[in-house]
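K.L.:
Next up is a structure, given as structure tokens.
The values are calculated or read from the model by the stated rules, or taken from the named source; none is laboratory data. On a predicted model such as this, the values are computed, not experimentally measured, just so you know. Cβ coordinates were reconstructed from backbone atoms using ideal geometry, including for glycine residues, and neighbour counts include every protein chain displayed. Side chains included, ligands, DNA and RNA excluded: accessible areas come from the protein's heavy atoms. Shrake-Rupley method; radii C 1.70, N 1.55, O 1.52, S 1.80 Å.
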Amino acid sequence: MRGYFTADEVRAAEAELFTRVPAGMPMRRAAFGLADVVARELRERTGGVAGRTVTLLVGSGDNGGDALWAGSMLRRRGVAVHAVLLSPERVHREGLAALRRTGGRIREELGTPDLVVDGIVGISGKGALRPRAAELVAAVQVPIIAADLPSGVDADTGAISGPAVRADVTVTFGAYKPVHALAAAHCGRIVLVPIGLRLPKPNLAALEPESVGADWPVPGAADDKYTQGVTGVCAGSATYPGAAVLCTGAAVAATSGMVRYAGTGCEQVLEHCPEVIAAPSVKETGRVQSWVFGPGAGTDAAARDRLAEILATDLPVVVDADGLTLLAQDPSLATGRTAATVLTPHAGEFARLTGADPSADRVAAVRELADSWQVTVLLKGRATLVATPGRPVLVNEAGGSWAATAGSGDVLSGIIGALLAAGRDPSWAAAAAARAHSLAANLAAHAPSAAGAPISASPLLTHLRPAIGTLRDLAAR
């Protein structure tokens, strides 16, 4: 599991590190790692290191010091290094002296570098870039390597309130920070440079792909279709029969047990998935071990009655889409349950449930809703968050936004429901489903038939089994 640590947690770990090592050593370690990444990027992008030019954008404090020390190390490799000092009166004096000793130059403008290093602000920075920094960053026409995090992006929340750096590579020192998952599009490729920090247990973490593959349910020697989990799906309507097909199809593809469908889309579901046991109502469905309710199910009184019937059981339940609209009208349907309840809102549905936009601090928002309702909450996005009371928030950074398409959420809820039926913990089930779902979207987008074109939910569903196979293959290596 990969942990992400807040600015306060990192500062506390740094303070402890300073009691164990000589003064200045952590910064030298960080700078050496940064210089090494810059040199590799120069080699890969320009074919060499010596004779190339790098411009440092240097702010105040230690982040600027990291950049200056890295610049001095690059000078020893024959790189022409120029530094633009954005806060000359508060520049890191030792780093500046080191750069000057090795022949680095101070400039007022960017010049024509091969690469730019962003050392403007570090984990203590708040808000957007100041006007001078924003002007310089906007003028950059070459790749940017960020020191620790892209300046102008909040370290703890990933929030962006104005001009900010969009890095090609981010070199983080000692620990991953929430920004690296929550604002990955601004970070580019992320490289961790260890500096010897002793870190606490993380409150924000990501499941590693190989661990998802290792724990994905597959049939054992003594299993049959019942012991592997029976998933109940109540989705779709005359208006939205496709939601029933996508949700049920995902549950079928995710595990090897059985799927029972309840609703008005029996004919369409059986046309696509003849292995499903279909019935027109929840009462006629038969025994299941989890329920998925909501995609395309409607929000009228009959739909509310079906949701209430399902939530009255002692089974794990996933509530999505129309089901969330119904819960926003009557939260008491979901609160107070003893069995697991998983809510899967996007930002708009989250706002309907809580009355607040979660974007300012998504981790805090999803944790608050989970604690308040005593449920598991999956907040969708490129960085999908999963909060369960008393547990670390889990994050799945999708690596892209290919899954941002109608019907994609129907597929995700079906996967979660199948994993719950297989007996998986709700926090793990939601996060693992998000990992498989995002990988399926990426595989679909880069399949020969798509060649990087936008995809829809149907090819995403088609690539779900290959995605699970890829995760299991990673675990077997």
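K.L.:
Rounded to the nearest 20 debye, what is the charge dipole size of the stretch 2-202 about its Cα centre when +1 sits on each Lys and Arg Cβ and -1 on each Asp and Glu Cβ?
P.N.:
560
K.L.:
Based on the mean of other Cβ atoms within 10 Å per residue, sort peptides 51-64, 178-191, 3-16 so the most packed one is first.
P.N.:
Highest-to-lowest ranking by the protection proxy: 51-64, 178-191, 3-16.
K.L.:
Something else: Among residues other than Glu16 whose Cβ falls under 14 Å from its Cβ, what is the net charge (Lys/Arg +1, Asp/Glu -1)?
P.N.:
Local net charge: 0.
K.L.:
Would you list the membrane-span-like helices of the chain, meaning whole DSSP H runs whose alpha-carbon atoms span at least 24 Å along their axis and whose mean Kyte-Doolittle value is at least -1.0?
P.N.:
TM-like helix candidates: 25-46, 426-445.
K.L.:
Rg to Rh for the stretch 2-202: what is it, with Cα atoms only and Rh by Kirkwood?
P.N.:
0.94
K.L.:
Tell me, what are the semi-axes, in whole angstrom and largest first, of the equivalent ellipsoid of the stretch 207-336 as set by the roots of 5 times the Cα gyration tensor eigenvalues?
P.N.:
They are 25, 18, 14 Å, listed largest first.
K.L.:
Roughly speaking, what is the stretch gain from Glu309 to Arg287, that is 0.36 nm per residue apart minus the C-alpha to C-alpha distance, in nm to one decimal?
P.N.:
6.5 nm
K.L.:
Antiparallel versus total DSSP beta bridges in the stretch 2-202: what percent is that, nearest 5?
P.N.:
Looking only at bridges with both residues in the stretch 2-202, the antiparallel portion is about 5 percent.
K.L.:
Another question, if that's okay. Taking 0.36 nm per intervening residue step and subtracting the Cα-Cα distance, what contour gain separates Arg40 from Leu474 on full extension?
P.N.:
That works out to 153.5 nm of additional length.
K.L.:
Here is a further query. Using R₀ = 51 Å, calculate the FRET efficiency as 1/(1 + (r/R₀)^6) where r is the Cβ-Cβ separation of Gln374 and Asp223; round to 0.05.
P.N.:
0.95
K.L.:
Between Gln329 and Ile277, what is the label-to-label distance in nm when each label sits 7 Å out along the Cα-to-Cβ direction?
P.N.:
3.1
K.L.:
Could you state the number of Å between the C-alpha centres of the stretch 50-78 and the stretch 378-393?
P.N.:
38
K.L.:
Alpha carbon centre of the stretch 394-457 versus the stretch 164-225: separation in Å?
P.N.:
17
K.L.:
Whenever you get a sec, compute what percent of the accessible area on the stretch 89-130 sits on carbon and sulfur atoms (1.4 Å probe).
P.N.:
Carbon-and-sulfur percentage of accessible area, whole number: 46.
K.L.:
Please work out the FRET efficiency for the pair Ala12 and Ala302, using the Cβ-Cβ distance as r and a Förster radius of 51 Å; give the result to the nearest 0.05.
P.N.:
Once the sixth-power term is evaluated, E becomes 0.40.
K.L.:
Does the stretch 209-476 come out rounded, prolate or oblate, given a ≥ b ≥ c as the square roots of the eigenvalues of its C-alpha gyration tensor, rounded meaning a/c under 1.5 and, failing that, prolate meaning a/b above b/c?
P.N.:
Rounded, since a/c falls under 1.5.
K.L.:
Work through the residues other than Leu471 whose Cβ is under 9 Å from its Cβ and net out their charges, Lys, Arg +1 and Asp, Glu -1.
P.N.:
Cβ neighbours under 9 Å give a net charge of 0.
K.L.:
Using a 1.4 Å probe over the heavy atoms of the protein chains, calculate the carbon and sulfur portion of the accessible area of the stretch 209-476 as a whole percent.
P.N.:
53
K.L.:
Mind listing P(r) for the chain? All alpha-carbon pairs, 10 Å bins, whole percents.
P.N.:
Answer for the chain: a P(r) of 4, 19, 26, 21, 15, 10, 5, 1, 0 percent.
K.L.:
Applying a 10 Å radius around every beta-carbon, put 438-450, 293-305 in order of their mean neighbour count, most first.
P.N.:
293-305, 438-450
K.L.:
Just going by the charge dipole of the stretch 209-476, with Lys and Arg at +1 and Asp and Glu at -1 on Cβ, which of Pro358, Leu324, Leu439 is farthest out on the positive end?
P.N.:
Looking along the dipole axis, the top candidate is Leu439.
K.L.:
What order, most packed first, do the peptides 397-403, 249-255, 20-26, 412-418 have when packing is the mean number of other Cβ atoms within 10 Å of each residue?
P.N.:
Listed from highest to lowest mean packing, they are 412-418, 249-255, 397-403, 20-26.
K.L.:
Between Glu267 and Ala138, take the C-beta separation as r, use R0 = 60 Å, and let me know the FRET efficiency to the nearest 0.05.
P.N.:
So, using R0 = 60 Å, E works out to roughly 0.60.
K.L.:
Roll a 1.4 Å probe over the protein chains and send me the accessible area per residue for the chain in Å².
P.N.:
Value for the chain: 41 Å² per residue.
K.L.:
What share of the DSSP beta bridges in the chain is antiparallel, in percent to the nearest 5?
P.N.:
In the chain, approximately 20 percent of DSSP beta bridges are antiparallel ones.
K.L.:
Please report, in whole Å³, the volume per residue of the convex hull around the C-alpha atoms of the stretch 275-394.
P.N.:
Given the Cα convex hull of the stretch 275-394, per-residue volume reads 119 Å³.
K.L.:
Here is a follow-up. Roughly how large, in nm² to one decimal, is the mean projection of the convex hull of the alpha-carbon atoms in the stretch 86-207?
P.N.:
8.7
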